[in-house]
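For reference, the structure is listed below as structure tokens.
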Amino acid sequence: MSNLGRSTGMFALAVLTLTVALAMPAYAQVGAAKDGWLVMKIHSDLVDEDVLSGSNIDVDVKDGVVTLQGTVPSEAGRTRAIAEAKKTDGVKKVVDQLKIAPAHAGGTMDKAQDKTAKAADKAEDKMDKAADKTESAAKKAGRAIDDGWIKSKIYAQYLADWNTVLNDSNIDVDVASGVVTLNGTVKSAEAKAKAVSTAKATDGVKSVHDNLHVGTTR
């Protein structure tokens, strides 16, 4: 091979290497955005599953690999959560780290507690807005309103806005006794405001702590 041929080949290789290197950040960003969508989609599929009443599931996704953590009330709940995650388009693998445990005290309200609450309401005739929201939510048929349901419900509502204001978001939702904490990134101030307002308007939510950052999804 002539020196000219070698030089031409090396130049072509250098150009190809540079092109791939420049494309990598964009690819990583698309992957992160897809992972954020998967988190929302899986949670949205868990919202109305009665067998998951009393569960509190965290869904983490990295490059299409889903890790399920948290608690479920039964083996049937574990099986359902895993099945819902596996059937989601874009999921490559599901890692099950779920634990079977009873619902957290205060997370759900059984019939006896509901009667006690109603009796107290009549006796005191006083209820603030947060308690009123929780009370009305607890009357919903199907899966009980608890921290786990609130988390999945918020994600389901975020999914509805994925193709508009919340696209490319990567939001982590934590819920403790009705108090929501939002972490992660959104692409604009408008998206941040939307994420916070959606969480605040969700049944059972008492308050929202906003730790969201505006910027590129990581």
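The values are calculated or read from the model by the stated rules, or taken from the named source; none is laboratory data. No experiment lies behind these values; they were computed from the predicted model shown. When we count neighbours, we look across all protein chains shown, and the Cβ atoms used for this are built from the backbone with ideal geometry, even at glycine. Ligands, DNA and RNA are excluded from the accessible area calculation, which covers all protein heavy atoms including side chains. Shrake-Rupley method; radii C 1.70, N 1.55, O 1.52, S 1.80 Å.
Probing with 1.4 Å while keeping every protein chain in the model, the per residue accessible area of the stretch 150-209 equals 40 Å². Amide H to amide H distances under 5 Å link residue 95 with 66, 67, 68, where only residues 5 or more positions off or on other chains count and H is placed in the peptide plane. In the context of the full set of protein chains, the stretch 35-101 has a per residue accessible area of 44 Å² (1.4 Å probe). Nonpolar atom fraction for the stretch 55-103, defined as the carbon and sulfur part of the 1.4 Å probe accessible area, stands at 49 percent. Here residue 96 and residue 201 are evaluated by their C-beta separation; at R0 = 25 Å the FRET efficiency comes out at 0.15. Distance between the 7 Å Cα→Cβ label points at residue 74 and residue 183: 3.3 nm.
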